[in-house]
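A.B. asks: Submitted below is the structure of interest, expressed as structure tokens.
The values are calculated or read from the model by the stated rules, or taken from the named source; none is laboratory data. From a predicted model like this one, the values you see are computed outputs, not experimental measurements. Heads up, the Cβs are rebuilt from the backbone with ideal geometry, glycines too, and the neighbour counts pull from every protein chain shown. Only protein heavy atoms, including side chains, enter the accessible area calculation; ligands, DNA and RNA are left aside. Shrake-Rupley method; radii C 1.70, N 1.55, O 1.52, S 1.80 Å.
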Amino acid sequence: MDGATMHLAVSLFPGIADPSPGPEFSRLAGSVQKAEAAGLDMVLLADSAPASGGGAANSPMPFEATTLLAALATVTSRIGLVAAASTIAHQPYNLARRFASLDIISDGRAGWHATMAQAPREAANFSRPEGFSPEDFRRRSEEYIGIVQGLWQGWDADALLFDQSGGRFHDPEKMHLLEHKGAFFSVRGPLNVARSPQDTPVLVLSGLSEADLDIAARTADVIVLDGEPVEGATARYDDIRRRVTACGRDPDAVKVLTNVAPIADNKPAAAVADSMEKGFRAKSCDGFTIHMPAQFSALDDFVGLILPELRRRGLVRESYRGKTLRSHLGLAGGGDQ
């Protein structure tokens, strides 16, 4: 693969991932530390705002995901930590400020996982009982993401002076107001949080329809897609790279990860590795998001059985490249590349 690295993330669902009794945070922290010891690129922390009515959307979620990210940042030092946060449940300025803070707390390991799929009835708890039409939700989400990224980029890298003797906190010429006035939001800026250690937190997008792919090509750092047969996945991957290039970006500026549940059906480690290697070598993706089944012990199986097989084949790096999530993923910026 000419030195290409298969990127690996693990997706954890607090509150539903393990039905066993005991302190939930301790078990979660132990799993994330295990993933870090194994050298995985990042952990995706799921979340869901309560929906109006019952059902799966109201499944127990003991921790709000960004709060969980902050706690996990104190018990880890290398692995990327990516929290889901709804564009309905949060205002863009507050969300941008929160993730900018989390990126500083974690020394450049934070990411925001946003979905382009509207959660049923979620808006009813946030002053929009009628919700949004699919087109309005798409337009609103695109505007929202643009605001957040614009706020993250509001400070030049050398804008903050901390000059106590001269009484200058920052260089005004290197601070940029956003002055956004759009169809859904009005945000002046700037953030009152320093620039991210990795330039900007990593943006992960999922839940994409065909109509959302151009938005993802313009804005995303990582795109997460459901799996499909290799031939179709390769064509989809090529299409995304063409879209990214058409937006004036380097096609390698966006990493495409495919969702897999490799421990299902108790397949032998070699067979799971064969399937992942086939998709990766066919250039259908840049790596995989591993969805853990019901018990956290499944992570032990992946780390102990499948990961060594992937490393034996030269598909996965042996250790972290740097300290930030961007450096793990080989993305521009990163702070320590």
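A.B. asks: Report, by residue number, each residue of region 218-232 that is over 16 Å from SER284 (Cα atoms) and among the aliphatic types (A, V, I, L, M).
C.D. replies: Across region 218-232, the qualifying residue is only ALA220.
A.B. asks: Also: Which condition number does THR66 fail, the rest of (1) modelled with pLDDT under 90; (2) β-branched (Val, Ile, Thr); (3) surrounded by 17 or more Cβ atoms within 10 Å (Cβ to Cβ) being met?
C.D. replies: All conditions are met except number (1).
A.B. asks: Run down SER101, SER106 and say which single residue is under 30 Å from ARG317 (Cα atoms), touching a helix residue (DSSP H, G or I) at 6+ places or on another chain (Cβ under 6 Å) and modelled with pLDDT of 95 or more.
C.D. replies: SER106
A.B. asks: Restricting attention to region 310-325, and to residues there that are part of a loop (DSSP other than H, G, I, E, B) and open to solvent by less than 20 Å² (accessible area, probe 1.4 Å), which single residue is farthest from THR76 (Cα to Cα)?
C.D. replies: Per the stated criteria, the residue is LEU315.
A.B. asks: Of the residues in region 212-231, how many are part of a helix (DSSP H, G or I), modelled with pLDDT of 95 or more and either open to solvent by 40 Å² or more (accessible area, probe 1.4 Å) or small (Gly, Ala, Ser) (or both)?
C.D. replies: 4
A.B. asks: Return the only residue of SER209, SER196 being among the polar types (S, T, N, Q) and open to solvent by less than 20 Å² (accessible area, probe 1.4 Å).
C.D. replies: SER196 is the lone residue from the list that is among the polar types (S, T, N, Q) and open to solvent by less than 20 Å² (accessible area, probe 1.4 Å).
A.B. asks: Here is a follow-up. Give GLU130, GLU173 a once-over and let me know the one that is at pLDDT below 95, over 28 Å from LEU45 (Cβ atoms) and part of a helix (DSSP H, G or I).
C.D. replies: GLU173
A.B. asks: If you don't mind, there's one more thing I want to ask. Give the number of residues within region 71-87 that are open to solvent by less than 20 Å² (accessible area, probe 1.4 Å), closer than 23 Å to ALA123 by Cα and part of a loop (DSSP other than H, G, I, E, B).
C.D. replies: Residues in region 71-87 being open to solvent by less than 20 Å² (accessible area, probe 1.4 Å), closer than 23 Å to ALA123 by Cα and part of a loop (DSSP other than H, G, I, E, B): 2 in total.
A.B. asks: Would you please name the residue that is least open to solvent (accessible area, probe 1.4 Å), looking only at residues in region 179-193 that are of a type outside the set (A, V, I, L, M, F, W, C) and over 16 Å from ALA96 (Cα atoms)?
C.D. replies: The selected residue is GLY182.
A.B. asks: Quick check: is even one residue across region 245-254 small (Gly, Ala, Ser), open to solvent by 30 Å² or more (accessible area, probe 1.4 Å) and either free of Cβ contacts under 8 Å to residues at least 12 places away in the same chain or in contact with a Leu (Cβ under 8 Å, 6 or more places away or on another chain) (or both)?
C.D. replies: Yes, region 245-254 has at least one match.
A.B. asks: Let me ask something else. Among the residues in region 297-305, are any within 22 Å of the chain's Cα centre (by Cα), at pLDDT below 90 and either open to solvent by less than 40 Å² (accessible area, probe 1.4 Å) or among the hydroxyl-bearing types (Ser, Thr, Tyr) (or both)?
C.D. replies: yes
A.B. asks: Let me ask something else about it. Before we move on, is TYR93 in a helix (DSSP H, G or I), open to solvent by 20 Å² or more (accessible area, probe 1.4 Å), among the aromatic types (Phe, Trp, Tyr) and out of contact with any Phe, Trp or Tyr (no Cβ under 6 Å at 6 or more places or on another chain)?
C.D. replies: yes
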